[in-house]
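First the structure, in the form of structure tokens, and then the observations on it.
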Amino acid sequence: MLKPHLLIPAAGVGSRMKIGYPKQYMPFVDDRNLLETTVWRLSEMSLFASVAVVVSADDAYIDHCDLPQSVRVLRCGGKTRAQSVYNGLKALELKGDEWVLVHDAARPCVSKQAICRLIERLDLGDVDGAILASPVVDTLKIVNEAGLIEQTVNRELYRSAQTPQGFHVQALIRALADRLQTATDEASAMEAVGAKIAVIDSPVSNIKVTHPDDALLAKFFLQSI
Ligand code: CTP
Ligand code: MG
């Protein structure tokens with residue numbers, strides 16, 4: 001099976017977690033913080049040619065982390081997630097056009113089976129990229145500025161995008177370069193240049209730890225994986 005590189009952006013400030021320091025360093029499970037949990041889980045899947053983490057240049061926590069020796073730490077995070085990913089991809093200095101998977105440090109519960117399905121899809125060679133996503137379970141409403149419902153939309157047409165998201169590294173660098181302020185994920189940058197991107201079903205347990213309650217839920221999911 002194809003072996004992509006893995007890049008884990010971890011240069012955010014975690015403002016919505018409201019703990020006064022970046023959420024990727026919050027204590028999580030078995031004496032590991034959130035970042036350590038994600039990095040160890042993904043590294044132990046043995047699916048990747050290399051694993052690298054992007055942190056901000058002034059990060060005061062990363063040196064105290066316990067990460068696998070083979071993991072590269074890139075101190076080149078930016079103001080936006082897209083900028084962190086862009087800087088990280090450039091710092092990898094990949095010479096060819098290898099595949100890279102980008103995965104949020106804040107998603108510790110991602111399923112190995114789902115990542116394998118994503119890599120298998122890339123391996124087929126018929127798409128420019130692939131992302132994990134989950135079906136939407138709630139009924140979806142379009143709401144106007146006054147907070148009133150305008151209409152209900154067909155949720156079958158929608159997916160909630162997750163990570164990892166995989167693309168050829170050079171194509172992704174080019175697409176992100178023009179969208180460093182606006183792209184909230186890799187796929188949106190690649191969509192803008194007309195890429196053909198497959199969506200791979202992934203369990204809703206692959207949540208992004210964003211608000212305080214999410215940490216509780218993610219710890220629960222990890223016990224049952
Ligand atoms: N991230 C990053 N660089 C940024 C912003 C985000 O590397 N400038 C990373 C985060 O560390 C996280 C992932 O991108 O692993 C997803 O971002 P998000 O969950 O939004 O984390 P934060 O931006 O840190 O949180 P918040 O938006 O609540 O401030
Ligand atoms: Mg953010």
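Quick rundown of the values:
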{"read-out": "Leading residue by the ranking (nearest to ligand 1 (Cβ to nearest atom)) among those in the range 1-33 that are part of a loop (DSSP other than H, G, I, E, B) and open to solvent by 80 Å² or more (accessible area, probe 1.4 Å)", "value": "VAL13"}
{"read-out": "Check on ALA82, within 27 Å of ASP201 (Cβ to Cβ) and within 16 Å of ligand 2 (Cβ to nearest atom)", "value": "yes"}
{"read-out": "Residue list for the range 139-160, filter: open to solvent by 70 Å² or more (accessible area, probe 1.4 Å) and either in contact with a Ser or Thr (Cβ under 8 Å, 6 or more places away or on another chain) or part of a strand (DSSP E or B) (or both)", "value": "THR139, LYS141, ILE142, VAL143, ILE149, GLU150, GLN151, THR152, ARG155, ARG159"}
{"read-out": "ALA49, sole failed condition from (1) in contact with a strand residue (DSSP E or B) (Cβ under 6 Å, 6 or more places away or on another chain); (2) under 22 Å from GLN223 (Cα atoms); (3) more than 13 Å from ligand 1 (Cβ to nearest atom)", "value": "(2)"}
{"read-out": "Top-ranked residue in the range 34-44 [being open to solvent by 10 Å² or more (accessible area, probe 1.4 Å) and more than 21 Å from HIS211 (Cα to Cα); ranked as nearest to ligand 2 (Cβ to nearest atom)]", "value": "ARG41"}
{"read-out": "Residue within the range 61-77 that is within 13 Å of the chain's Cα centre (by Cα) and hydrophobic (A, V, I, L, M, F, W, C) present", "value": "no"}
{"read-out": "Test result for LYS18, in contact with a Gly (Cβ under 8 Å, 6 or more places away or on another chain), charged (D, E, K, R) and either more than 16 Å from ligand 2 (Cβ to nearest atom) or modelled with pLDDT of 95 or more (or both)", "value": "no"}
{"read-out": "Test: HIS103 is touching a Phe, Trp or Tyr at 6+ places or on another chain (Cβ under 7 Å) and surrounded by 14 or more Cβ atoms within 10 Å (Cβ to Cβ)", "value": "no"}
{"read-out": "So VAL136, is it surrounded by 15 or more Cβ atoms within 10 Å (Cβ to Cβ) and under 24 Å from ARG81 (Cβ atoms)", "value": "yes"}
{"read-out": "Some residue of the range 145-168 being of a type in the set (Gly, Ala, Ser), without any contact (Cβ under 8 Å) to a residue 60 or more places away in the chain and under 21 Å from ALA52 (Cβ atoms)", "value": "no"}
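So that you can scan it fast, the table gives a plain yes or no per residue for (1) under 21 Å from GLU36 (Cβ atoms); (2) in a strand (DSSP E or B):
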{"residue": "GLN162", "(1), (2)": "yes, yes"}
{"residue": "GLY166", "(1), (2)": "no, yes"}
{"residue": "ALA189", "(1), (2)": "no, no"}
{"residue": "ILE200", "(1), (2)": "no, yes"}
{"residue": "SER205", "(1), (2)": "yes, no"}
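The values are calculated or read from the model by the stated rules, or taken from the named source; none is laboratory data. These figures come from a predicted structure and were not determined experimentally. Reconstructed Cβ throughout: ideal geometry from the backbone, glycine too, with neighbour counts over all protein chains shown. The accessibility values were calculated without ligands, DNA or RNA, using every heavy atom of the protein model including side chains. Shrake-Rupley method; radii C 1.70, N 1.55, O 1.52, S 1.80 Å.
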